[in-house]
Amino acid sequence: MAGRGASLPGLSEEESRLFLQEAGELLDTLEEGLVALGQGAASPDQVNLLFRAAHTLKGNAGAAGLEEVARRAHDLENELEPLRRGEPAPSRADVDRMLAEVDAMRAELGLAPEAPRAAEAEAPADEEAETEVEVRFSEQCPFLSVRSYQVLQAVRDAGGEVVASEPDEAAIEAGEEFQRLRLRFRGSPEEVLREIRAVPDVVRVERIGQAPPGPARTGGSGVASLESQAETLRVEVRLLDHLMNLIGELVVDRNRLGEAARRLGTGHDGVSLDEVVEHLARLSEELQATVTRARMQPLSTLFRRFPRLMRDLETSTGKSFDFVMEGEATELDRSVATLIADPLIHLLRNAVDHGVEPAEERRRAGKPERARIELRAWREENTIRISVADDGAGMDPEALRRRAVEKGFLGAEQAQRLSDREAIDLIFLPGFSTSRQVTEISGRGVGMDVVRRNVERIGGQVEVESRPGRGTRFILDLPLTVAILRVLLVEVGGIAVAVPLGAIDEVVEVRPERVERVGSEPVLRWRDRVLSLASLEAALEGRWRWEPAAGQTGLVVHHQGRRQVWAVDRLLGDQEVVVKGLGRWLDEARGLAGAAVLGDGRVALVLDVGGVMLAARVEG
Amino acid sequence: MSQPTDGVRPGPGEEAAAEQVVVLELDGQAYGADIASVREVLAFQPITRVPQAPPFVLGVINLRGRIIPVIDLRRRLGLGAAEPGPLSRIVVVEDGEELIGMLVDGVSEVLDIPADLVEPPGELVRGEDASFLRGVARLEERLVILLALERVLDAHQRAAAARVARPEG
């Protein structure tokens, strides 16, 4: 059967591509709708949408001579028909069968199911809906009216119909010139927008809104991606990424300028260089915030495929659970979303594989037979929190201690010294988690260590709470944007090290005479606590040591409710830095999230606070 | 690096009659690095040490805003470390999308090496792990050992350098 990119018999390559693209979208719509249907969460509008998708697919496939696909689509249409008349939702088995039909059609068309991606979600194709866009032309464009006319032509070439335009067609033909053109059309938005973008001198096509025909709006409860057709800014993602990188560089230069200004002091003509620097700082901050906003996308683009993933897991594992998603409308920088896609899939799979117990066991424990897995997202000031929670078996700290000893991470005595919380943190050690399987969805092996590394690389944190018999909850604390991190710079062993400001409680003085010992471990009193103390230089080398000769400046750092004091040689001040990866040669360096270029051109290593604490605990 | 089609790849004899290499000096010996892989040559500069890095990774430097790792090519090839001197250079080479710096004792020249002067690496080679070498060019005035950069830069071949001490094929 036809594979991606190949021509379908009787169709040109271009026609095949368009057909396959639309078919893929229709199948997505069917899949999402069916999953919602299976949860009893489909509104009448969604049922209609489902029915229409099956119907359109049948027609398209028939026209393309794909009889097998047309037949399956026809069967689906017939099964969905009674639902439109208000008949009760189909059984789970029926929905399973219908989903299998969708998969079969995908296979026939050579459209392998895609991995959940963080790319923009395309609105389901809807031939009837009207789309309104604003087209902007390059300022140097010499033939605005010609280009405007070409745009209208492009809409028609893509099989669309121009409903209205501003300026209108007559004005365009009369040769009036406009920098921008607004127009409303009917037809497949994807195809039309692609044609419009191909017109020379078009620099931007912005979607203003998509008005459904008539009063019926898809809505109500259910799978959010069917309804969350947020207004989208159609700008090439690559362009935004580049812009963000440039702003990162700008921030570095601003810091350099600030440093130069401090050395020079006030000028003689009354204009203080500091003022200029400060203004520049405000401007770059605003620029950064604005571009960040432009890169925001709702989490639904990432979450939309999870219901199907979970449904398939329910089938393949034979465990029964309800899957609940909340907060899909929460917005997040797309590069953050990209980085957390795999970790989230891993956490969800883990919840099913290791969290949810067999029904029998749950019954014995007096729990409801159906388990519950919840994926929630919400915003708290400048962080996005995403939690994955299950009401399953939970983790047993004692079992984790045992495994750490078995695997040679810890001596038996060291293991016993770990608090329960620290024992649970062991799962984040590279090579510790047992199931390092390759996920079907991502095709890549992801361990808990990678989950943590991905999250911490972008300045976030992973917290885990677990109680034996009660369940486990992972919380990802994510920054709104990845590019820039506020850090405190310190010097240790001649290296500049950047510690995320968010992890630092206080800078304290470490006087050797105030250091006490608990067993062999040096500790320092801080407020009403007793905190473990180490030299950061040694901790970075994987040794948990402190000597009176170590620096007398201490950082009280915290990570997941745990606190330690790290002695450093001296403070270099705080700065905003752009965190960059260390590359694959240094990927395994524990305790580091990356590196950053400082205002003076030096390189600072950016700490992964949790990683340093963990490395330290294991070394013991 | 893998080619999508298993098309006809030119054999050594069919390639251009000569290849251009940048000659790197290491421990008194000349090594050739394919000029197509060499992005630029930098004067020696302070390198930020990275704790717990593999032994032959010296650390990272700032290359116009990019962070790139620098490896000690002497140690990578099992030649033993040496203090950087005034002639030391950091040769920046491309490795897929990444850039990697290689610290060498010096960079002397760019040479055209006629293909018919290249021999497989033999017993001539002392110290280095043969898997890092592509061949030996016997020029009139000197020998140039051609580096198999893709293997030198393959992080998975890390262990090789450590095994160098053991003489093997």
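Helix-only mean residue ellipticity at 222 nm, chain A, DSSP H runs n ≥ 4 weighted -39,500 (n - 2.57), per residue, nearest 500. What is it?
On the way: 19 runs with 246 residues, N = 620.
Dividing the helical sum by the residues of chain A leaves -12500 deg cm²/dmol.
What shape does chain A have by the C-alpha gyration tensor, where a ≥ b ≥ c are the square roots of the eigenvalues, rounded means a/c under 1.5, and otherwise prolate means a/b greater than b/c and oblate the rest?
Oblate shape, in that a/c is at least 1.5 and b/c is the bigger or equal ratio.
Give me the distance in nm between label points sitting 7 Å out from Cα along the Cα-to-Cβ direction at B:ALA17 and A:GLU547, one decimal.
Result for the modelled spin labels: 6.5 nm.
Could you run the numbers on buried accessible area between A and B, total for both chains, 1.4 angstrom probe, in Å² to the nearest 100?
The contact between B and A buries close to 2100 Å².
How would you order A:511-517, A:156-162 from highest to lowest mean count of nearby Cβ atoms within 10 Å?
In decreasing order of mean packing, A:511-517, A:156-162 become A:156-162, A:511-517.
Quote to one decimal, in nm, the extra length available between A:GLU406 and A:GLU68 on full extension: 0.36 nm per residue of separation minus the C-alpha distance between them.
Result: 116.2 nm gained on full extension.
Among DSSP beta bridges lying fully in chain A, give the percent that are antiparallel, nearest 5.
If we restrict to bridges inside chain A, about 85 percent are antiparallel.
Can you give me the accessible area per residue for the range A:2-109, using a 1.4 Å probe, in Å²?
Working: 4690 Å² over 108 residues.
Value for the range A:2-109: 43 Å² per residue.
Hey, how many Å between the Cα centroid of the range A:26-58 and the Cα centroid of the range B:39-72?
So the separation of the two Cα centres works out to 55 Å.
How much FRET efficiency would the formula 1/(1 + (r/R0)^6) give for A:ARG467 and A:ARG256, where r is the Cβ-Cβ distance and R0 is 60 Å, rounded to 0.05?
FRET efficiency, A:ARG467 to A:ARG256: 0.75.
Net charge within 13 Å of A:ARG570 by Cβ-Cβ distance, Lys/Arg positive one each and Asp/Glu negative one each, not counting A:ARG570 itself?
Residues near A:ARG570 contribute -4 overall.
In whole percent, and with a 1.4 Å probe on the protein chains, what portion of the accessible area of the range A:237-297 is carbon and sulfur?
57
For the range A:554-586, list whatever residues lose no less than 10 Å² of accessible surface once every protein chain is in place, relative to that chain by itself, with the probe at 1.4 Å.
Listed in order, they are A:LYS580, A:GLY581, A:LEU582, A:GLY583, A:ARG584, A:TRP585, A:LEU586.
Among the residues of the range B:44-79, which ones have their accessible area go down by 20 Å² or more when all the protein chains sit together, as opposed to their chain alone (1.4 Å probe)?
Going by heavy-atom accessible area, the residues of the range B:44-79 that drop by at least 20 Å² are B:THR48, B:ARG49, B:VAL50, B:PRO51, B:GLN52, B:VAL57, B:VAL60, B:ASN62, B:GLY65, B:ILE67, B:PRO69.
Any idea how far apart A:ARG527 and B:ASP112 come out in nm if each label point goes 7 Å out from Cα toward Cβ?
The two pseudo-label positions are separated by 7.4 nm.
Using modelled backbone amide H atoms (1.01 Å from N, in-plane), which distant-in-sequence or interchain residues come within less than 5 Å of A:ASP505's amide H?
For A:ASP505, the qualifying residues are A:VAL556, A:VAL557, A:HIS558.
How far apart, in nm, are two points set 7 Å out from the Cα along the Cα-to-Cβ line at B:ARG142 and at A:ARG263?
With each label point 7 Å from Cα toward Cβ, the separation is 3.9 nm.
Quick check: Cα centre of the range A:374-425 to Cα centre of the range A:559-616, how many Å?
Between the Cα centre of the range A:374-425 and that of the range A:559-616, the gap is 23 Å.
Please sort A:15-27, A:376-388 by packing, taking for each peptide the average over its residues of neighbouring beta carbons within 10 angstrom, highest first.
A:15-27, A:376-388
Which percent of the accessible heavy-atom area of the range A:130-211 goes to carbon and sulfur, probe 1.4 angstrom?
43
Any idea of the accessible area per residue across the range A:496-620, 1.4 Å probe, to the nearest Å²?
38
Span-like helices, chain A: DSSP H, alpha-carbon axial extent 15 Å or more, mean Kyte-Doolittle 0.5 or greater, which ones?
Span-like helices, by this rule, are A:334-350, A:609-619.
Quick query: amide H of A:LEU572 versus all other amide H atoms, modeled in the peptide plane; which residues come in under 5 Å with a sequence gap of 5 or more or a different chain?
Hits under the 5 Å cutoff: A:LEU489, A:VAL490, A:GLU491.
Per residue, how large is the accessible surface of the range A:130-211? Use a 1.4 angstrom probe and give square angstrom.
Ligands and nucleic acids excluded, the result is 48 Å² per residue.
Carbon and sulfur atoms: what percent of the 1.4 Å accessible area of the range A:2-109 do they account for?
51
Given a Förster distance of 22 angstrom, what is the FRET efficiency for A:GLU173 paired with A:PHE143, based on the Cβ-Cβ distance and rounded to 0.05?
Details: r = 13 Å, r/R0 = 0.60.
About 0.95, to the nearest 0.05.
With Cβ to Cβ distances under 11 Å as the rule, what net charge do the other residues near B:ILE67 carry (K, R +1; D, E -1)? Don't jump to the answer; show the numbers that get you there.
Numbers: positive: A:LYS580, B:ARG64, B:ARG66; negative: B:GLU98.
That sum, taken over residues with Cβ under 11 Å, equals +2.
What lysines does A:LYS319 reach when the alpha-carbon gap must be under 27 Å and sequence neighbours fewer than 8 apart in one chain are set aside?
Once the sequence-local lysines are set aside, what remains near A:LYS319 is A:LYS367.
Counting other Cβ atoms within 10 Å, keep those with at most 11, restrict to DSSP loop, and tell me which trypsin sites (Lys or Arg not before Pro) in the range B:22-117 are left.
Of the trypsin sites (Lys or Arg not before Pro), the ones in loops of the range B:22-117 whose Cβ has at most 11 other Cβ atoms within 10 Å are B:ARG64.
Per residue of A:594-600, how many C-beta atoms from partner chains lie within 10 Å of its own C-beta, taken as a mean?
Across A:594-600, the average partner-chain Cβ count within 10 Å equals 3.
Between A:THR383 and A:ASN245, how high is the FRET efficiency from 1/(1 + (r/R0)^6) when r is the Cβ-Cβ distance and R₀ = 30 Å? Nearest 0.05.
Step by step, r from the Cβ atoms, then E = 0.85.
The values are calculated or read from the model by the stated rules, or taken from the named source; none is laboratory data. Since the structure is predicted, the reported quantities are computational estimates derived from the model, not experimental observations. Ideal geometry is used to build each Cβ from the backbone, glycine not excepted, and the neighbour counts take in all protein chains shown. Protein only, heavy atoms only, side chains kept; ligands, DNA and RNA dropped before computing areas. Shrake-Rupley method; radii C 1.70, N 1.55, O 1.52, S 1.80 Å.
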